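Encoded as structure tokens, the structure appears first; notes follow it.
Derivation of every value follows stated rules applied to the coordinates shown; laboratory data play no part. Everything numeric in this text was worked out from a predicted model, so none of it was measured. Note that we place each Cβ from the backbone using ideal geometry, even for glycine, and neighbour counts take in every protein chain shown.
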Amino acid sequence: MVVQNIDGIDYELEEPYDMSFLSKYGRVFQVFDKQDSGCICFGVQNKDEKLFVKFAGAKPVQYKGTREDAILVLKSTCKVYGDLRHSNLVSFINGEDIGNGYATFFRWTDAECMGKQYNSRFKFFELSIEERIHMFEDILAFHKFVSEQGYVGIDFYDGSIMYDFANQNTIICDIDSYSKMPYINSMGRMWGSSRFMSPEEFEKGSVIDEVTNVYLMGATAFVLLGDAEDKTLQNWEADNSLFAVAAKAVGKDRAERFQSIDEFIVAWNGAKTR
């Protein structure tokens, strides 16, 4: 492991890498070097704007794959972010070959991340139940749009959830693994946090589809409003009627879940009016 410095900020890599190409885009004011995706990320500011830059080509300490694989995966995400442009998704600009690797560029957001690796996580649970329900409904609306575009959400977890506390705005990030349907589980245990993953995401040959995403949305409700590890009423903080909807969504048997995000939304909204 080596410690490098850019514009006064220290960060870690597995081996040295020349990041001086970033000066083309401005001055680095923040570095995110703890990801296991094969990318290292930077907040960069120039006279016109702030950017979020995601770069593949270097070797982050927590990444176990090859730089070539990381570059190929990052390149493939440009179509995903282009197809799924949405008011609650980070604003994608473009991607380009740079610095003997590849970078994707997004408009910077002051939203903070819910991921366990970030100090901001505790702030999410200080929000009122009403604010957390609103955040969940933003996430739900985005995944309705995802399904309408023929995509399935893969590897969504609390590190994909951001919130602008000042403006009460939900922002979704890190949807790199979202894929077009039909999608078949070809690997057994898929990527992701087990707290969010349906049984079919552990079974090679299983179909991963909108019913899978119904489970994902139910699990997300438990993360924001209950307990992701113990999905019981005892740990649920919102109304019991909403618990019943979330519990149905995370049924182990696919046939017992809602069969679409639209069905989930209808049931959720109906439970709110009881």
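What the table shows:
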quantity: Of the chymotrypsin sites (Phe, Trp or Tyr not before Pro) in region 71-164, those whose Cβ has at most 13 other Cβ within 10 Å and which sit in DSSP loop; calculated: Phe125
quantity: Structure-based [θ]222 nm, the chain - -39500 (n - 2.57) summed over DSSP H runs of at least 4, per residue, nearest 500; calculated: -9000 deg cm²/dmol
quantity: Principal axis box of region 109-231, alpha-carbon based, largest edge first, Å; calculated: 43, 31, 22
quantity: Along principal axes, Cα extents of region 144-205, largest first, whole Å; calculated: 44, 25, 16
quantity: Rg over Rh, two decimals, region 2-107 (C-alpha only, Kirkwood Rh); calculated: 0.95
quantity: Nearest-0.05 FRET efficiency for Phe125 and Lys204, computed from C-beta distance (R0 25 Å); calculated: 0.10
quantity: Entry for mean projected area of the Cα convex hull in nm² (calculated from the structure that is shown) out of (i) 16.6; (ii) 14.6; (iii) 15.4; calculated: (ii)
quantity: Helix 210-225 vs. the chain, principal-axis angle (Cα, 0 to 90°, nearest 10); calculated: 90
quantity: For region 194-229 and region 126-159, distance of Cα centres in Å; calculated: 13
quantity: DSSP-loop chymotrypsin sites (Phe, Trp or Tyr not before Pro) across region 164-267, with at most 12 other Cβ within 10 angstrom; calculated: none
quantity: Part-to-part distance (alpha-carbon centres) for region 1-49 and region 70-109, which is given in Å; calculated: 17
